[in-house]
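The numbers here are math on the coordinates, done by the rules we state, and not lab data. For clarity, every value in this text was computed on a predicted model and none was experimentally measured. With ideal geometry, Cβ positions are generated from the backbone for all residues, glycine too; neighbour counts draw on all protein chains shown.
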Amino acid sequence: MAELLARIEDVAVRYKQKVVMESLSLDIVEGAITCIIGLSGAGKSTILRLLNGLRKPDAGHVYVKGVDICHIPERQLVDLRRSIGFSFQFSAMFDSLTIFENIALPLREHTKMGEREIADLVKSTLEGVGLANVEQRLPSELSGGMLKRAGFARAVVTNPELVLYDEPTTGLDPIITHLLTDTIKRLREKLNGTAVVVSHDLQSIYMMADYVAMLFEGAIIAYGTVEEIKKSINPIVQQFLQGSEVGPIPI
Amino acid sequence: MNMLENVGRETSSFFEYVGGATALLGDSTRFIFTLRIRIKETLDQAYRLGVESTAIVCLTSLFTGFVISLESATQAVQYGAESLIGGGVAFISVRELGPMLSAVVVAGRTGAAIAAEIGSMVVTEQVEALQALGLSPVRMLVVPRLVALMVMMPLLTVFADLVSFLGGMWIANSSAHVPTDTFLTSAKSAVTIIDVLKGLFKALIFAVIIAVIGSYQGLGTRGGAAGVGKSTTGAVVTAIILIFIANFAMSYILFRPAGG
């Protein structure tokens, strides 16, 4: 039986009066890529924020490596976050720092590595995501696809056990999308870690996912391998996968 | 009923704001006392927030010095008290206008910059990215700005005092023909080093107000570009109001005559 790296259990999340999640549970299998699909605004990104403690649930529990992160002191949560990489939807690179400084930041703050060692690691990590000779550029000087890859590099440079990707291929052309999907797979294999990917891009998901979870109206309505999800008899899942306007999903 | 609800909501928001800003100051102080200060970032902020404000602070202080001297000279000449102009200009510059005017100018320029910069980082998820990397936004963003302003604000006030005083001396000499020696002697007798130090203490408190309010507004930014604009305006307005209130309170406490 597959080991779990994280588990979201009976979680409820509300924004003011709006219920975003109600009794949501989800298992994150260790060493696998779990993709979360669902309509825009369904709360997919909120699941990523629950997993690294950026968002506390209004009810329920979130376990990471067996620890309920909803009830630990902030200092312990900060330590835990060092073992979780987060690639943001719009990359969220610090715009006053160069790409090198962005990626070196967690190494400078959390490790005792020397500058030469950091420089070597940043360079090799950037090469690992297919970026070369961009170290001294500012984020504003990079294209969308390059920024996403730089964001990947910053998320994985500390060799985290879990990497969270928020819409890694949204708004990119098919070639870059394919490249980034391949990069996520390669990084997971290289780090021998676990990844959770939030995406709308079904082709990418079919390429990389070990498990797929579909979020709808605040709950996970389908979970399984790509093949299992494709064969799901749930009409909501089928409508979503086919991109059809006709079906039970209200438009 | 609606009015009561509104009063309740506003009161609750007020205390939430005060509590939040105080907690932010507390967190920042903890990082400062444990010496977890990012030196390079702090020096960078000292240049951007302090050094780059020097020209505007000096310019406003110069013309304020002109006005104080001109107005007091007009009155003093009527009563034959030209020899008191130097004391008047020095007294008002060092104790009140130097610290407060510099603080108001810096609140407008720097407080807005702090709120806008941190606010932009919030709406572009950069602050969340810091947290996701296991880094404290307070230590990374607020502390360098706070420490930089606490160092630079008293220095700017010294410049403001000097420029205002020299401007006043020039106007007194050119418009009321008050000799420089007379002006200086009058100033020396009116202002002590304790007055100067108390003025600089005021500047230090104003620096804390500007940095904490700017940072707090920035960190509380919600909702894109419009939110950044709202935070920036809020930072400037709130900081200026607090500067005036704090100035009165400190003048009352620091400059109250003994036994008064």
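Remarks
- Relative contact order for chain B: 32 percent, from Cα pairs under 8 Å spaced at least 6 residues apart, divided by residue count.
- Here the Gaussian network model covers chain B, with springs between Cα atoms less than 10 Å apart; of B:Ala148, B:Ala239, B:Ala249, B:Ala249 fluctuates the most.
- For A:Leu4, residues with placed amide H under 5 Å, excluding near neighbours: A:Glu30
- Too-long pairs where the Cα-Cα distance tops 29 Å, listed order kept, from A:Lys185/A:Lys230; A:Lys65/A:Lys190; A:Lys112/A:Lys148; A:Lys65/A:Lys231; A:Lys56/B:Lys202; A:Lys16/B:Lys40: A:Lys65/A:Lys231; A:Lys56/B:Lys202; A:Lys16/B:Lys40
- Average projection area in nm² (convex hull over Cα atoms of chain B, one quarter of hull surface): 18.1
- Order of A:Thr98, A:Thr225 - criterion: other Cβ atoms within 10 Å of each residue's Cβ, fewest first: A:Thr225, A:Thr98
- Each label point was placed 7 Å from the Cα along the Cα-to-Cβ direction; for A:Lys231 and A:Val67 their separation is 4.0 nm.
- Between 0 and 90°, nearest 10: helix B:143-176 axis offset from chain B longest Cα axis: 20
- Relative contact order for chain A, counting Cα pairs under 8 Å that sit 6 or more residues apart, in percent: 25
- Per residue, the protein assembly as shown reaches -19000 deg cm²/dmol at 222 nm when only DSSP H runs of four or more residues are counted, each adding -39500 (n - 2.57).
- Per-pair calculated FRET efficiency, R0 = 25 Å: A:Thr111 and B:Thr34 via Cβ, rounded to 0.05: 0.80
- For chain B, the longest principal axis of the alpha carbon atoms and the long axis of helix B:54-79 meet at an angle near 30°.
- Taking A:Tyr15, B:Tyr216, A:Tyr206 and counting other C-beta atoms within 10 Å, the order from fewest to most: A:Tyr15, A:Tyr206, B:Tyr216
- Distance between the 7 Å Cα→Cβ label points at B:Leu43 and A:Lys185: 4.8 nm.
- Distance-filtered residues of the stretch B:172-205 - backbone nitrogen under 17 Å, label point 7 angstrom along B:Tyr79 Cα→Cβ: B:186-187, B:190
- Between 0 and 90°, nearest 10: helix A:144-156 axis offset from chain A longest Cα axis: 80
- Sorted by Cβ density within 10 Å, fewest first, the residues B:Arg38, A:Arg186: A:Arg186, B:Arg38
- Entry note, the stretch A:126-251: relative contact order of 16 percent, from Cα contacts under 8 Å with a spacing of 6+ residues.
- Rounded to 5, percent antiparallel among DSSP beta bridges of the protein assembly as shown: 55
- Theoretical FRET efficiency, 1/(1+(r/R0)^6), r = Cβ-Cβ of A:Ser124 and A:Ala219, R0 56 Å, to 0.05: 0.85
- Rounded to the nearest 20 debye, the dipole magnitude of chain B is 440 debye, with +1 charges on Lys and Arg beta carbons, -1 on Asp and Glu beta carbons, and the Cα centre as origin.
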